[in-house]
Amino acid sequence: MCASARLALSAQGAAVDLVKAVEEYERFKLRQEGEPVEPSGKSPQLKEAEELASLAKTEIESDFRLLHGHSLVGVWGALEAMASDLVLAWLINVPEVRMRPQVAGIKVSLVEFERLSSEERMHKIVRELDRASSSRAGIARFEDLLDTVMLSGSYDSALAQNIYEMQQIRNLFAHRRGVADMHFVTACPQLGLSVGEPVPLSFEPWFACLMSSISYTWTVVNRVNRHFGAKEIDEPPVQQLPFKTRPKDGVANGEKDNHPHSL
């Protein structure tokens, strides 16, 4: 089980325990005859516990929407690191890719470049390649970068749809506490949400996002395996992110997409 999944399950258990503990304390207070406790008489510790319990209750009722959303920010960051780290390793260990036009055409300050070590220079080139990418949306965000070292390729179109939706959801939780805005509603009308509506990121769609990120990583790993003539990994089937708000006709297909920048 990955760290994000362990974190979600651990926090879920802790929140449930906290709610039970505060509710049990409240029942204990009610049993004390003649000793009413006014809100102003509550200890700071009890007030804090009640606030945390209220938040925990809200999270439990929403199936840990915020926790899943914040975890998704980390999962997206791991995807970004996977792509950039792989390009870095390729630049260091496969020197011929440095002659590709995208790499050879990078413009950097000569004074700055001279001060860097060999590995730092490759890091600098990767950052510049990523900055020069023409697309920032969905799977093309990674395919553009991987293409600079000849590691782009085909992928499942349903996977591309999942990655695109995952990125849009990630952005909402990173910047708007997971509440849909006009940009999100326009970008993902297939999810059936309205402006101001919280994204219902329960365990099932969160886990589907996690598995989609793993599936894409396996897709990229298989490109590396093919390069070295190694045995390929069996990639799991990709399923649409299971959002209950999604209209029934908004189904992504599972055909192979040979156009990496289609989304």
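The values are calculated or read from the model by the stated rules, or taken from the named source; none is laboratory data. Note that the structure is predicted; figures quoted are calculated from it, not measured. A quick note on method: Cβ atoms are made from the backbone with ideal geometry, for glycine too, and the neighbour counts reach across all protein chains shown.
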Answer residue from region 51-65, given it is buried (at least 17 other Cβ atoms within 10 Å of the Cβ) and part of a helix (DSSP H, G or I) and is modelled with the highest pLDDT among those | R65
Return yes when L193 is under 18 Å from L66 (Cβ atoms), at pLDDT 90 or above, in the same structural domain as V73 (by TED's automatic domain parsing) and not in a helix (DSSP H, G or I) and no when it is not.
-> yes
Counted residues in region 81-118 being among the polar types (S, T, N, Q) and assigned to a loop (DSSP other than H, G, I, E, B) come to 2
Any hit, region 217-226, residues being of a type in the set (S, T, Y), surrounded by 22 or more Cβ atoms within 10 Å (Cβ to Cβ) and touching a strand residue (DSSP E or B) at 6+ places or on another chain (Cβ under 7 Å) = no
Note: among E143, E112, E119, E165, just one is in contact with a His (Cβ under 7 Å, 6 or more places away or on another chain) and either of a type in the set (D, E, K, R) or closer than 27 Å to I92 by Cα (or both), namely E143
Checked region 119-137 for anything closer than 22 Å to A160 by Cα, part of a helix (DSSP H, G or I) and not charged (D, E, K, R); matches are L129
Just a yes or no: is a residue in region 116-132 at pLDDT below 80, over 18 Å from the mean Cα position of the chain (by Cα) and of a type in the set (D, E)?
-> no
Scan region 73-101 and report the pairs whose first residue is in contact (Cβ under 8 Å) with a residue 12 or more places away in the chain and whose second residue is surrounded by 15 or more Cβ atoms within 10 Å (Cβ to Cβ) and outside any helix (DSSP H, G or I), with Cβ atoms within less than 6 Å and a gap of 6+ or a chain change.
-> V87/V149; W90/V149; V97/V149
When the residues of region 240-259 are filtered to those that are among the polar types (S, T, N, Q) and modelled with pLDDT under 85, which remaining residue is farthest from C209 (Cα to Cα)?
-> N258
Name the residue, out of G192, G196, that is surrounded by fewer than 16 Cβ atoms within 10 Å (Cβ to Cβ) and either free of Cβ contacts under 8 Å to residues at least 40 places away in the same chain or among the polar types (S, T, N, Q) (or both).
-> G196
